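A quick write-up on the structure given underneath.
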Amino acid sequence: MSHPILETRDLSVRFGGHVAVDRISCTFRTGELTAIVGPNGAGKTTYFNLISGQIAASAGSVVLNGRNITRMPVAQRTHLGIGRAFQLTNLFPNLNVLENVRLVIQSKAGRGFNMLSMASDHDDLTMPAEEIVERVRLTGHAHQPVSELSHGNQRKLEVALLIALDPLVYMFDEPTAGMSVDEAPVVLDLIAELKARKDRTILLVEHKMDVIRTLADRIIVLHNGALAADGEPAEVMASDVVRDAYMGRELEDG
């Protein structure tokens, strides 16, 4: 069995008297793509926020590669290998697409994260940046300021920046939301490519059941902040409890 790279242990958060995430314990392994599903308000994004560090846990822990990262800030978690797409979006909205991607590669290479040092001394980073921009089908927009991109192209750039960061754990929160029918397959194909490498862990919050059927190795279902189901896609989708209480008719309609 593959290496457990990420764990949440009785992870919980309260907002006043409301328990938004309730003692969720899960282990995520290298080479595995886990879809996180559930109705609106189930706690999916809050759970993501706890893992990536946007909000602090009230109880429990997050463990990355055997290291407790529960009290670490977002930047430190990112450095250690937690990558969430929106963390990097529009880093420098007035710079163009290629420059944004190159900045992430520059930082990953240990040369600092400084947009003032983007001259000829970093020319060797341009080619890998161009390759990533091409992968996400943004070559025609490479020199366009990020602030001028359409919503769909911004989502593609999110994926490009995450690929440039190359974390141990990729976190995608509804990556195709708001994208056109023509644009969405580009992002899904990129996620499939990452999965095919078998050397990274991918967490995917998604509502589209056809996407989940295609990509997921495993599904976990959240309901009222708690873990309601965890297993292989066919097993979870066949559960009457999950179908009736948590997924409604989506499983059939997707």
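The values are calculated or read from the model by the stated rules, or taken from the named source; none is laboratory data. Not measured: the values here are computed from a predicted model. Here the Cβ positions follow ideal geometry from the backbone for every residue, glycine too, while neighbour counts run over all protein chains shown.
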key: the range 196-214: number of residues that are crowded, with 19+ Cβ neighbours inside 10 Å and touching a helix residue (DSSP H, G or I) at 6+ places or on another chain (Cβ under 9 Å)   = 9
query = Of these, A228, A196, A164, which one is assigned to a strand (DSSP E or B) and of a type in the set (A, V, I, L, M)?
reply = A228
request  = Kindly indicate whether any position in the range 226-236 is at pLDDT below 90 and within 15 Å of the chain's Cα centre (by Cα).
outcome  = no
query = Of all residues in the range 226-242, which are surrounded by 14 or more Cβ atoms within 10 Å (Cβ to Cβ) and out of contact with any Lys or Arg (no Cβ under 9 Å at 6 or more places or on another chain)?
reply = A228, A229, S239, V242
message = So if I check each of L157, L149, which one is over 17 Å from the mean Cα position of the chain (by Cα), over 26 Å from G38 (Cα atoms) and surrounded by 19 or more Cβ atoms within 10 Å (Cβ to Cβ)?
response = L149
